[in-house]
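Only one structure is covered here, and it is reproduced in the block below.
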2 protein chains.
Amino acid sequence: MAEAKNPLVSDREVDFQLYDVLDVPSLCRLPYFRDHSRETFDLYLRTARRLAREILFPTYRSVDQSPPELKDGAVKVHQALHDVYRQLVAAGVVSASKSAEVGGQQLPLAVATAANLYLMAANLSAFGFTLLTAGSAHLLENFGSDDLKRAYMERMYAGEWTGTMALTEPQAGSSLADVATIARPAPGGHFLLSGSKIFISGGDHDLAENVVHLVLARIEGAPAGTRGISLFCVPKRRVEGGRLVENDVRVTGLIHKIGWRGLPSLAMSFGEEGDCRGWLVGKPNQGLGLMFQMMNEARISVGCHAVATASVAYQESLLYALERPQGRPLASRDPTRPQVPIVEHADVRRMLLRQKAIVEGGLSLVLCTAHLADLAGHAEGEEERRKAKLLLDLLTPVAKSFPAEAGFESNALAVQIHGGYGYSSEYLPEAWMRDQKLNSIHEGTTGIQGLDLLGRRVVAEGGEPLRLLLAEVESTAARARKAGVDPAWADRLLAAGKQIGDLTIHLGGLGLGGDVEAMMRHSADYLRAFSILVVGWQWLRQAAVALEVRAHRPELKDFAEGKLCAAQYFLATELPQVELLAELCRSGEDSYARVRPEWL
Amino acid sequence: MAEAKNPLVSDREVDFQLYDVLDVPSLCRLPYFRDHSRETFDLYLRTARRLAREILFPTYRSVDQSPPELKDGAVKVHQALHDVYRQLVAAGVVSASKSAEVGGQQLPLAVATAANLYLMAANLSAFGFTLLTAGSAHLLENFGSDDLKRAYMERMYAGEWTGTMALTEPQAGSSLADVATIARPAPGGHFLLSGSKIFISGGDHDLAENVVHLVLARIEGAPAGTRGISLFCVPKRRVEGGRLVENDVRVTGLIHKIGWRGLPSLAMSFGEEGDCRGWLVGKPNQGLGLMFQMMNEARISVGCHAVATASVAYQESLLYALERPQGRPLASRDPTRPQVPIVEHADVRRMLLRQKAIVEGGLSLVLCTAHLADLAGHAEGEEERRKAKLLLDLLTPVAKSFPAEAGFESNALAVQIHGGYGYSSEYLPEAWMRDQKLNSIHEGTTGIQGLDLLGRRVVAEGGEPLRLLLAEVESTAARARKAGVDPAWADRLLAAGKQIGDLTIHLGGLGLGGDVEAMMRHSADYLRAFSILVVGWQWLRQAAVALEVRAHRPELKDFAEGKLCAAQYFLATELPQVELLAELCRSGEDSYARVRPEWL
């Protein structure tokens, strides 16, 4: 079985992205990153690679096969996760990109994200505990009172306690406007919460003595809808006089997820006995806005999960295709000759190259967004920060949904390459396919990403973010031409950029004219077209950089050839979809708009 | 949960296809079907519907959750399958379409297939035992000696014993040229077999006292490759002097499949102790040809599995979307108003309509091929039989692979519509998604279907099959125009037909010129383009018939509107892909052709 040799993510690929494409060490000229250098980046990456390969990945299969158990109201996770979690904490994974002030290492997000990709590829569930903790601690860091930071955030960043995001409710699902958990002000400055949540990842477990929930709830009497939602810090055990006291938070059910099976997903109730205390984070009724700042991070993390899960499966199917003999070339079928490895069959190479195009296109995209987040947070000029932020916001729904959707296809191809073996749980590709499916659902479904992109993000700031993107496309096209990339590729990308630009103006016009439904009807197709443009841009950039580096580093010849093949594949096979989808969006095709439920 | 109300397959839909689109009762003028009428068809369909809904479906979840066990060399299947299997046999499912001579009912395959769709949708695994038995008994019926028929076939058609197809070997996989199981002639006219097989569905179980394997093996000294393969009848227990004697057939392993979990898939060995007797079926060295006659049937059955699995999930997600309240329309987001069922959201309707287009497009296709098989076997004129056979052969790879590939997407959409609930095993869509994945793998992977279609089928008989298909497309276009279907739809389909015709001539020319590799490079893209044309043709035909019937049956108004919406969707969204894919196939795009393993 290929498993033992699986690198999870290619080191050469990550180095190429960080150092050749993004030139991450140049961030070290910025004050925030001044203590860093390529050496400290490499040191951290080495730690993550080792942890991922030696500690996390060897537990993956067993963790997948023995999901958590709920007993007497408490959740027990897989035994192996105890050691794994401790080692993740010890390596500083929870706070690697956070400021030294809160105990972090101030690493660029681009570097921390690259490192995380290995850990995610090795064992999504195990890594999930640290990621959720980092996200919820970050909310407290940004918006919590000093008391809350002292009491909870510090222990979370230290990995002693873990955290969750508790948004979803059974009756509301994705419709956060319908959050019904109630918070009643109590003497002493806290609130008493009561309500139910569902799908709370990491909501309870035995890895740490406390779990801190960041909960969306409605202060009694608050306005209906999203404008009446506040954010609360609600620990499982509250700190009271230096001791931990049970805080009336209950596990009411354990969901049997089909993937991510090491990380418990729970139904929970708050305040069944009227003694669940929560502390307001930020101002009343502004909870959704605060949560959404984290949600952007969370969405990019979902893109990372998806890239990582597609990557480990791509590596596995590549190893399998190199080793598994079967059949003979079309041109010489002499049955007395030995069989050839299946990588020799063009259709198997098609599937592998498609996986590579998806994995590395997605990887390039998520690292690009992480790098934009670094610039948005720490670049020197305010204008540069502003522009990075605009572009980051625009790319977020794509970084979330492209890897999730295309990644699922890629994971299915890994199963397909393994044939009948791939259809058995003796091999891992089926497990990664299950893991992957969640990414199109959680933190906003793909449908919601489409509505968000077209309804909010491309029309923000008078269209400036899209203009910034198209300017990037143009400068990449110029760079590619200069590097000697086939000029037809750059032309194709520019044409696709123009199609998206024109289409956006057209659809925006429909919205401004008052027909929001017509504008939004093809938001899913728009998201797909937009995503292909964005990933096509990533691929053209990779092709350009590959030619640039090959010129003076002959050892990268094979690597560069692979990049050029994958870029060619994506630009020839996927990019032409942009025009077709743009025509569809424009055509007003109204089949599903007008279909009535009783016709289905 | 919607489960209890799920109809599995829509009755109205099946009636429309059988009676309005195909006019199956007109087959009753043919001698072979003369004892039948719409009444006997309906009677059989009613039986199948009842069995599917009342007996098979209620066991599905439990069967999925408790797969077979291998103990002391014998396989025990789920307890519930014993009763289910008995009832399937009692209803005559094994031999419904077989001749009265062998105890069958001589039903048209179109009708038997429609009935089977319900049974497959209800419980693929349970139905699998009968389907495998029918297929292997049919091989004996067509090519076995009278002794074999008497000894084995009769008991199989009667459902007393079951059958398997034992092709695949661990070292050979899809490469049947490398089958290495050996058959040595023995005194007494039989052969002694020795070798290993893998992925043998239903290879052992406790539902019947005997299992009859139809085994591909190589007679000692036979030529290498596919020209040296023979077919053998190898029972688990052989009939000897009126008794059953163990025949040295062993179960060596049970594969943990991720779906179809009620039907055991086994690794088996034949002749470990030198006493495994097999009887030749047909002539020596012609086994592959014989098997492939069944393989065509088997491939259409795979298409049916896929349609059925997509159908039951479509029905489930439709019921869920009608019941689950969440969010509000884009145009009126007032949070004080109640939430609406998610079917009200355009993007949910998009997913539902896409499922419908796939499910009913596939259903129309598989019933069309079954009807062609009826004509190929029993039409009065030889010329009509010949033409039906040519078209049937051409459509077989499409009927196998389109439902498998598009069906997987459709099943994933059913999960997506269920959101977080869809990601849990408390709901059924995830199980159907697992079931579906096998269909792109077994009985020839999708890649192999592409090679088969382009390399053999479209170039057979000087291209006559393709000309027949294009003539059907033209006559459907004329019918659609006459019925009042938007003429642009017919134009689009005709244009796609012309693109496929031209492309085929172009690619065939490359092959004739000696460059087989260039011809076959985009066989996967060719298969996709070809499939979209074929399913587009099915949709245009459905649209035409829907308008025809609506004219005089007002009760079908809603149904016809739904048909028109789905046809519009498919023809507007999918059909334009044909041109793009044809351009790609023609372009010679060579990324994966030239990529080398070390570049990946």
Hits in segment B:418-429 (condition: assigned to a helix (DSSP H, G or I) and either in contact with a Lys or Arg (Cβ under 8 Å, 6 or more places away or on another chain) or open to solvent by 10 Å² or more (accessible area, probe 1.4 Å) (or both)): B:419, B:420, B:421
Condition met for residue A:378 (within 18 Å of residue A:114 (Cα to Cα) and open to solvent by 20 Å² or more (accessible area, probe 1.4 Å)): no
Check on residue A:216, more than 19 Å from residue A:444 (Cα to Cα) and either in contact with a Leu (Cβ under 9 Å, 6 or more places away or on another chain) or in a strand (DSSP E or B) (or both): no
Some residue of segment B:70-85 being without any contact (Cβ under 8 Å) to a residue 40 or more places away in the chain and on the phi > 0 side of the Ramachandran plot: yes
Single unsatisfied condition, residue A:54 versus (1) without any contact (Cβ under 8 Å) to a residue 60 or more places away in the chain; (2) open to solvent by less than 20 Å² (accessible area, probe 1.4 Å); (3) in a helix (DSSP H, G or I): (2)
Number of the exception - residue A:187 against (1) open to solvent by 10 Å² or more (accessible area, probe 1.4 Å); (2) in contact with a Ser or Thr (Cβ under 7 Å, 6 or more places away or on another chain): (2)
Out of A:345, A:305, sole residue that is of a type outside the set (Gly, Ala, Ser) and either over 30 Å from residue A:117 (Cβ atoms) or open to solvent by 30 Å² or more (accessible area, probe 1.4 Å) (or both): A:345
Number of the exception - residue A:293 against (1) touching a helix residue (DSSP H, G or I) at 6+ places or on another chain (Cβ under 8 Å); (2) open to solvent by 40 Å² or more (accessible area, probe 1.4 Å); (3) within 14 Å of chain B (Cβ to nearest Cβ): (3)
Within segment B:549-592, considering residues that are facing chain A (nearest Cβ under 7 Å), out of contact with any Leu (no Cβ under 8 Å at 6 or more places or on another chain) and farther than 22 Å from residue B:500 by Cβ, the one most open to solvent (accessible area, probe 1.4 Å): B:558
Count of segment B:68-95 residues which are assigned to a loop (DSSP other than H, G, I, E, B) and open to solvent by 50 Å² or more (accessible area, probe 1.4 Å): 2
Set B:360, B:384, B:316: member being more than 25 Å from residue B:418 (Cβ to Cβ), within 26 Å of the chain's Cα centre (by Cα) and of a type in the set (D, E, K, R): B:384
Number of the exception - residue B:332 against (1) open to solvent by less than 10 Å² (accessible area, probe 1.4 Å); (2) within 14 Å of chain A (Cβ to nearest Cβ); (3) small (Gly, Ala, Ser): (1)
Condition check for residue A:360: open to solvent by less than 40 Å² (accessible area, probe 1.4 Å) and charged (D, E, K, R): yes
Any hit, segment A:451-473, residues being at pLDDT 95 or above and facing chain B (nearest Cβ under 10 Å): yes
Residues located in segment B:239-267, provided they are open to solvent by less than 20 Å² (accessible area, probe 1.4 Å), over 19 Å from residue B:207 (Cβ atoms) and away from every other protein chain (no Cβ under 14 Å): B:248
Which numbered condition residue A:328 fails, given (1) touching a strand residue (DSSP E or B) at 6+ places or on another chain (Cβ under 9 Å); (2) at pLDDT below 95; (3) closer than 28 Å to residue A:565 by Cα: (1)
Meets criteria (farther than 21 Å from residue B:8 by Cβ and either aromatic (Phe, Trp, Tyr) or surrounded by 20 or more Cβ atoms within 10 Å (Cβ to Cβ) (or both)) for residue B:98: yes
Residues located in segment A:173-191, provided they are at pLDDT 95 or above and in contact with a Gly (Cβ under 7 Å, 6 or more places away or on another chain): A:180, A:181, A:182, A:183, A:190, A:191
Restricting segment A:401-415 to residues that are of a type outside the set (A, V, I, L, M) and either within 21 Å of residue B:445 (Cβ to Cβ) or more than 10 Å from chain B (Cβ to nearest Cβ) (or both), the residue that is surrounded by the most Cβ atoms within 10 Å (Cβ to Cβ): A:403
Any chance residue A:318 is on the phi < 0 side of the Ramachandran plot, within 11 Å of chain B (Cβ to nearest Cβ) and open to solvent by 10 Å² or more (accessible area, probe 1.4 Å): yes
Which numbered condition residue A:83 fails, given (1) in contact with a Phe, Trp or Tyr (Cβ under 7 Å, 6 or more places away or on another chain); (2) over 22 Å from residue A:368 (Cα atoms): (1)
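Does residue B:349 qualify as being assigned to a helix (DSSP H, G or I), of a type in the set (D, E, K, R) and in contact with a helix residue (DSSP H, G or I) (Cβ under 7 Å, 6 or more places away or on another chain)?
Working: assigned to a helix (DSSP H, G or I): yes; of a type in the set (D, E, K, R): yes; in contact with a helix residue (DSSP H, G or I) (Cβ under 7 Å, 6 or more places away or on another chain): yes.
It is true that residue B:349 is assigned to a helix (DSSP H, G or I), of a type in the set (D, E, K, R) and in contact with a helix residue (DSSP H, G or I) (Cβ under 7 Å, 6 or more places away or on another chain).
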Total residues in segment B:454-468, condition among the β-branched types (Val, Ile, Thr) and open to solvent by 40 Å² or more (accessible area, probe 1.4 Å): 1
Among the residues listed as A:496, A:490, the single one being open to solvent by less than 10 Å² (accessible area, probe 1.4 Å), assigned to a helix (DSSP H, G or I) and touching a Lys or Arg at 6+ places or on another chain (Cβ under 8 Å): A:490
Enumeration of residues in segment B:522-548 that are open to solvent by 10 Å² or more (accessible area, probe 1.4 Å), more than 14 Å from every other protein chain (Cβ to nearest Cβ) and among the aliphatic types (A, V, I, L, M): B:547
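Looking at A:230, A:175, A:194, can you tell me which residue is within 14 Å of chain B (Cβ to nearest Cβ) and either open to solvent by 40 Å² or more (accessible area, probe 1.4 Å) or not aliphatic (A, V, I, L, M) (or both)?
That would be A:175, the only listed residue that is within 14 Å of chain B (Cβ to nearest Cβ) and either open to solvent by 40 Å² or more (accessible area, probe 1.4 Å) or not aliphatic (A, V, I, L, M) (or both).
The values are calculated or read from the model by the stated rules, or taken from the named source; none is laboratory data. Being a predicted model, the structure only gives us computed values, none of them experimental. Note that we place each Cβ from the backbone using ideal geometry, even for glycine, and neighbour counts take in every protein chain shown. Heads up: the accessible areas ignore ligands, DNA and RNA and are worked out on the full protein's heavy atoms, side chains in. Shrake-Rupley method; radii C 1.70, N 1.55, O 1.52, S 1.80 Å.
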